[in-house]
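Taking it in order: structure first as structure tokens, then the write-up.
The values are calculated or read from the model by the stated rules, or taken from the named source; none is laboratory data. Only a predicted model underlies this, so the values are computations on that prediction, with no experimental measurement involved. Neighbour counts run over all protein chains shown; Cβ positions are idealised from the backbone, glycine included. Quick note on the areas: whole protein, heavy atoms, side chains included, nothing else; ligands and nucleic acids left out. Shrake-Rupley method; radii C 1.70, N 1.55, O 1.52, S 1.80 Å.
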Amino acid sequence: QVQLVESGGGLVQAGNSLRLSCAASGRTFSNYAMGWFRQAPGKEREFVATINWSGVDTSYADSVKGRFTITRDNAKNTVYLQMNSLKPEDTVVYYCAARPLRTSRYLAEYDYWGQGTQVTVSS
């Protein structure tokens, strides 16, 4: 089992930045690729970003490319999502997830999920 706990969400004005963190425990963190997803009320959860076990390979949704950056620190068992130039439409709950080794954009391919952290961007 891998336990994931997100933090760093909150209220921010449009155009500003926020950094989300996801702390992992339970198994060897460096064995897992990590992903960030987000979900608005009444909508499906959608892919945001993913990073492979070493941090070398990353991928982003078109809607966040150039604004968001995913990184990881295997020594701290933590993955981050740096969110810049935030927009009101980025107002959703953000979830981190883990799967073995390689990146993926697909929810069904992730084995472990955190509880989510709310991000609210005011205009």
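Of the residues that sit in the stretch 23-42 and are farther than 21 Å from Pro100 by Cβ and either modelled with pLDDT of 95 or more or within 13 Å of the chain's Cα centre (by Cα) (or both), which one is least open to solvent (accessible area, probe 1.4 Å)? Result: Arg38.
Scanning the stretch 70-84 for residues that are surrounded by fewer than 16 Cβ atoms within 10 Å (Cβ to Cβ) and among the hydroxyl-bearing types (Ser, Thr, Tyr) yields one hit, Thr71. For Trp53, the conditions (1) hydrophobic (A, V, I, L, M, F, W, C); (2) part of a loop (DSSP other than H, G, I, E, B); (3) open to solvent by less than 60 Å² (accessible area, probe 1.4 Å) are fulfilled apart from (3). Would you check which residues across the stretch 49-88 are in contact (Cβ under 8 Å) with a residue 60 or more places away in the chain and under 18 Å from Gln13 (Cβ atoms) and list them? Within the stretch 49-88, Gln82, Met83, Asn84, Ser85, Leu86, Lys87, Pro88 qualify. Listed by first and then second residue, the pairs with beta-carbon distance under 6 Å, at least 6 apart or on different chains, first residue in the stretch 97-123 and surrounded by fewer than 18 Cβ atoms within 10 Å (Cβ to Cβ), second in a loop (DSSP other than H, G, I, E, B), are Leu101/Trp53; Arg102/Asn52; Leu107/Arg45; Tyr112/Val2; Gln118/Gly9; Thr120/Thr91; Ser123/Ala14. Among the residues of the stretch 33-62, those identified as in contact with a Lys or Arg (Cβ under 9 Å, 6 or more places away or on another chain) and either over 20 Å from Trp113 (Cβ atoms) or among the polar types (S, T, N, Q) (or both) are Gln39, Thr50, Asn52, Ser54, Gly55, Asp57, Ser59.
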